[in-house]
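Here is the structure we will look at.
The values are calculated or read from the model by the stated rules, or taken from the named source; none is laboratory data. These numbers come from a predicted model, not from an experiment. No Cβ is skipped: glycine too gets one built from the backbone with ideal geometry, and neighbour counts run over all protein chains shown.
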Amino acid sequence: MGRIIAITSGKGGVGKTMSTINMALACVKAGSRVLIVDGDLGLSNVDVVMGLEPKGTLKDVLDGRLQIGDIVTRSAPGIDVISSGSGVAQLANMTPLSRSFLVHELSRLPDTYDYVFVDTGAGISDSVLTLNSVSDIFVVVTTPEPHAITDAYALIKLMAEEHDRYDAALVVNQVLTHEEGRRVAAKVAEVAKMYCGSTVHHVGSVVTDHSLIRAILARNVGSENALSSLCGQGWGQAWCQILQLLNNSEMPIRSRGLNSVWAAMSSPIEGRQNLDP
């Protein structure tokens, strides 16, 4: 059974998708079979920044035009990608019947991967929290900005209070120095331990690298030489630390294969009472 890694964030714009792609690339370079599932239904962008032309999306499966195996797109480095489609209201607002059909179709894709990276939406919606809850490990991405740190903590807090997940990995992106990343991580870990009893594992920091901006504009993120860049090295080191956590005997296997991801992606969004900050 493949291990499920959810890459998530409290707010958008912190580099969650970039982290997903580059850590998946590091995983492939180590010889593993890897799948990226774009878990942001209706607002998919993994294929866009990687410069892929998807064979189809989950909308095509939902409409009956394609089967699930037909929409798996292989990137040049060897990463398989499933896109959920961008700007698709039908996916963002599925009926119960559509959800049931989509879960059935997605369950037909066999567990043939060593690792499945799920690029969740940003924020603390029920769909994001549910995807994190069915993963073997959820990785929170933040930047040093105060509002990003606050939202990252809010996500970690809700995962503890609503899903009893008291272990989180943390990547601090867009730092000027690794020392800055360590300070941010230490602050988040201290507050999380004090107020919700969570253990935050700082798996790495990614230094700001202008070559990444050029790669994004060229739709060339996740290319063969990406890991040799300054930011690519940071994500590669982060993946090594995540792998150590996954191989830790004290870290339980929580996922139930891809079926659990499909069910979480297709579950109805339910209301939730506001929590005190």
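Of everything in segment 63-84, what is of a type in the set (D, E) and in contact with a Gly (Cβ under 8 Å, 6 or more places away or on another chain)? Give them in sequence order.
Residues of segment 63-84 of a type in the set (D, E): 63, 70, 80.
Of everything in segment 63-84, just one residue is of a type in the set (D, E) and in contact with a Gly (Cβ under 8 Å, 6 or more places away or on another chain), namely D70.
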Handout entry: Per-region count, segment 153-171, residues in contact with a Lys or Arg (Cβ under 8 Å, 6 or more places away or on another chain) and surrounded by 23 or more Cβ atoms within 10 Å (Cβ to Cβ)
Key = 1
Problem - Sole residue being buried (at least 18 other Cβ atoms within 10 Å of the Cβ), within 26 Å of C27 (Cα to Cα) and among the β-branched types (V, I, T), chosen from V116, V188 - result: V116
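I'd like to verify a number: residues in segment 1-46 that are assigned to a strand (DSSP E or B) and surrounded by fewer than 24 Cβ atoms within 10 Å (Cβ to Cβ), how many? Show your work before the answer.
So in segment 1-46, the residues assigned to a strand (DSSP E or B) come out as 3-9, 34-38, 43.
Next, from what is left, pick out any that are surrounded by fewer than 24 Cβ atoms within 10 Å (Cβ to Cβ): 3, 35, 43.
Residues flagged as assigned to a strand (DSSP E or B) and surrounded by fewer than 24 Cβ atoms within 10 Å (Cβ to Cβ) within segment 1-46 amount to 3.
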Completion exercise
Residues in segment 104-119 that are modelled with pLDDT of 65 or more and either among the β-branched types (V, I, T) or in a helix (DSSP H, G or I) (or both) total 5
Practice task
Please find, within segment 155-172, the residue that is farthest from D40 (Cα to Cα) out of those that are of a type in the set (A, V, I, L, M, F, W, C) and part of a helix (DSSP H, G or I).
Solution key: A160
Practice task
Just give me the residues in segment 55-82 being part of a loop (DSSP other than H, G, I, E, B) and buried (at least 21 other Cβ atoms within 10 Å of the Cβ), in sequence order.
Solution key: T57, S75, I79
Exercise for the section: For A122, state whether it is under 17 Å from S9 (Cα atoms), at pLDDT 95 or above, in contact with a Ser or Thr (Cβ under 6 Å, 6 or more places away or on another chain) and not aromatic (F, W, Y). Expected result: no
Handout entry: Some residue of segment 136-154 being in a strand (DSSP E or B) and not hydrophobic (A, V, I, L, M, F, W, C)
Key = yes
